[in-house]
Each structure stands twice: as structure tokens, then as C-alpha cells.
Amino acid sequence: MSPPQVIDAIPKATAEPWTNKENQASTPAPQAVAEPKIDFNGNYTFAPIKEWEVSRAMSKRYFKDMYERAVSDVVIVGAGSAGLSCAYRLATECPHLKITIIEASVAPGGGCWLGGQLLSAMIVRKPTDQFLTEVGVPFEDEGNYVVVKHAALFTSTILSKVLSLDNVKMFNATAVEDLIVKQDSTGKQRIAGVVTNWTLVSLNHDTQSCSMDPNTITAPVIISFTGHDGPMGAFCAKRIVKSGLVEQLGDMRCLDMGRAEPAIVNRTREVYPGLIVGGMELSELDGANRMGPCFSAMLASGEKAAWTAIDIINN
Ligand code: 48N
């Protein structure tokens, strides 16, 4: 076996390359920059505002949203890649539906701010590139898959599209900490809404002398994408198991990208009347394999869940 090729010694940088004649020839002259259109020389001023105006501008809107969304058409739990893809598909196909997203973190996006470990590029297998094109996320085509140069480019693009839609409201830093169940006239149970609290409260019930009661949002369809198991993760799957509505958790299996992605998409479904589960939460419920740093199934599972919800609402 031939010895590894020794890389030529990296040429020593000459001192003050900018003064060195031949470097000057290769160093392009600095581009002239445009002049600022605003006076930043110490005279910058803002229009006047009072503190109470800011407080009222925020609270008027927040509490109007809470009042109106106490009864929603669809609640999406979790604004990760699957939840946001579902919200985009549902809200664009059904602009008449009141869609409410509940996201436990201050920052929506779930695990989709990086591609995997610390690597930022996001891999999506075809045909899910069509969804990226529709949403307006640029990518490099690598044949069987495409690469978005930074996962944050996908998340920020779809988040901005979803939040700009009139029929979508998102309550972040807010957790779903239980489900509402109702019995119909035949005694058949269905999920009929979510129980919410501010996430910091939900995470600290055990540290309070008495628990802070939650709020509720009623809706005929709940779609849960709360991701991998964790302090809040796989929430609805764990809740329906714990309350005896579904037998047991399957617990996510080891990584097999080829099997995991179609399994998650094909099994995205109404797991209990009124409750659809998708994304990685479904792998915890069904015991599907995990796929690792590939997001195609999250986008497709979100889309499939949206069409499943439309079916439920139409029938
Ligand atoms: O990104 P996640 O965790 O979940 P998904 O299913 O949208 O995407 C999963 C994906 O990022 C992967 O894990 C990839 C494909 N890796 C696979 C692998 O093999 O490792 O988003 C879940 C969101 C988060 O933003 C949470 O904050 C939120 O759900 N959340 C909740 N929001 C409200 N109430 C709750 N109880 C709750 N629990 C989680």
C-alpha cells in the first residue's frame, strides 16, 4: 500500500501580505460600499412610545388569540419539522380552518436547526424535494436526495410561511400537559382537545406547594408531533397509553434509515378517535426504527397527517 501522499508544505504567509507588491496585484481593491441612508452619527431618533402602549399592544393581541382559539378546528402539538410541515399543508389547503399550534419551547423548530450532531446541512430524500420547492426552500440536487445548505434555512422559511397565514395561531413556550376526552351518545370516547399550561409551569408542578391549574383548547382533531421521548417528548403517545386508551408504547427501535422513513410516513394515522400522531413521536408509539439525520419522513408525515385531518373533518 503506497504511503499517504505528503501534502506540500503550506507556503509561509509573507509578513504584511497587503504591502507585498505581487500580493497587491492578486488582492482585489476593497469594493466601494454604499453610503448609509440613515444618519447614524449620533442623531438617530425613534418615534415616541409609552411602556403601557407596548404592554397593551402585546396583551390585546395575545388574549384576543387565546379567547378566539379556545375553540379551534385543529390543534397541532409540537412545531418541529413534522408539525410545521403539517401546519403548512393544512393551512394552505383549508384556509377556512382555525389551526392552533402549541409549542413547548420558546423557539419553535424542534430538532431541525441542525442536520445532525453539529453538522448544519439538512438531507431530504426525493420525492420530498417537491415539498421544499413548494415552500420555497432552495437546495442542491444530489440525485436521489437533496441538500438544504442549513437546516435553519428550512425551519426559518417554513416557520415564516406558516406564521404569515391568517388561519394559523401559535402559542409557544406553552405545553400540552393533558388531553380532553369526551364520550359520544354511544359511550364511544374520543380526544376532543388539549390541556395547556406555560411550559415552565408544566415542568415544575412537583416543585410547587399546590399545582397551578391549566387552560384548555377544544378541537375535534388533535395532531401530535412531540418528537422523541423526553421530558415533554412523545407526550400524547405516552398520555394515551398511561390513561389506558392504547395498550402500550412500542419504544423506538435502532437506526435504519431505509426502513424508518417509509414506516413513519405510511403509519402516520389517527391512533385514537380524534388524535393523529406523526413524526418521531410515532416511532415511540409504534416501535418504528429511527432514521437519524434525514428529514424526508418528517416532512412527508406532516403532509400525510394534514390530509388525514382533512378526511376526518370532511366525514
Ligand atoms: O423536531 P421534533 O423533536 O419532532 P419531529 O417529529 O417534528 O422531528 C423529529 C426530527 O427532528 C428528528 O428527530 C430526526 C429526524 N431524527 C431522527 C433520529 O433518528 O434521531 O419537534 C417536537 C416539538 C419540539 O419543538 C418540542 O418542543 C415540542 O414538539 N413538544 C411539545 N410541545 C407542546 N407540548 C408538549 N407536550 C410537547 N412536547 C414536545
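Per-structure values
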item	result
Selection within segment 245-284 - basic (Lys, Arg), in a helix (DSSP H, G or I) and within 21 Å of the chain's Cα centre (by Cα)	ARG267
Members of segment 148-201 that are more than 30 Å from SER243 (Cα to Cα) and basic (Lys, Arg)	LYS149, LYS161
Any hit, segment 176-192, residues being part of a helix (DSSP H, G or I), aliphatic (A, V, I, L, M) and either out of contact with any Ser or Thr (no Cβ under 8 Å at 6 or more places or on another chain) or within 14 Å of the ligand (Cβ to nearest atom) (or both)	no
Hits in segment 125-152 (condition: in contact (Cβ under 8 Å) with a residue 24 or more places away in the chain and among the aliphatic types (A, V, I, L, M))	LEU132, VAL135, VAL147, VAL148, ALA151, ALA152
ASP256 vs. criteria within 10 Å of the ligand (Cβ to nearest atom), acidic (Asp, Glu) and in contact (Cβ under 8 Å) with a residue 24 or more places away in the chain	yes
Leading residue by the ranking (surrounded by the fewest Cβ atoms within 10 Å (Cβ to Cβ)) among those in segment 247-286 that are of a type in the set (Gly, Ala, Ser) and farther than 22 Å from ILE191 by Cα	GLY258
Some residue of segment 186-205 being among the aliphatic types (A, V, I, L, M), out of contact with any Asp or Glu (no Cβ under 7 Å at 6 or more places or on another chain), at positive phi and at pLDDT 95 or above	no
Within segment 97-118, considering residues that are among the hydrophobic types (A, V, I, L, M, F, W, C) and loosely packed, with under 12 Cβ neighbours inside 10 Å, the one nearest to THR218 (Cα to Cα)	VAL106
Filter result for GLY136 (within 12 Å of the ligand (Cβ to nearest atom) and of a type outside the set (Ser, Thr, Tyr))	no
Total residues in segment 81-117, condition assigned to a loop (DSSP other than H, G, I, E, B), more than 10 Å from the ligand (Cβ to nearest atom) and either modelled with pLDDT of 95 or more or at negative phi (or both)	5
Of all residues making up segment 166-176, the number that are surrounded by fewer than 19 Cβ atoms within 10 Å (Cβ to Cβ) and more than 16 Å from GLU68 (Cα to Cα)	2
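Conditions (1) at pLDDT below 95; (2) surrounded by 16 or more Cβ atoms within 10 Å (Cβ to Cβ), marked per residue:
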| site | (1), (2) |
| --- | --- |
| VAL74 | no, yes |
| THR128 | no, yes |
| VAL137 | no, yes |
| GLY143 | no, no |
| VAL147 | no, no |
| THR157 | no, yes |
| GLN183 | yes, no |
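To keep it simple, each residue is scored yes or no on (1) closer than 20 Å to THR174 by Cα; (2) near the ligand (Cβ under 10 Å from one of its atoms); (3) modelled with pLDDT under 95; (4) surrounded by 17 or more Cβ atoms within 10 Å (Cβ to Cβ).
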site: THR218; (1), (2), (3), (4): yes, no, no, no
site: THR226; (1), (2), (3), (4): yes, yes, no, yes
site: CYS236; (1), (2), (3), (4): yes, yes, yes, yes
site: ARG239; (1), (2), (3), (4): yes, yes, yes, yes
site: LYS242; (1), (2), (3), (4): no, no, yes, no
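The values are calculated or read from the model by the stated rules, or taken from the named source; none is laboratory data. Keep in mind it's a predicted model, so treat the numbers as computed, not measured. Cβ: placed from backbone, ideal geometry, glycine included. Neighbour counts: every protein chain shown.
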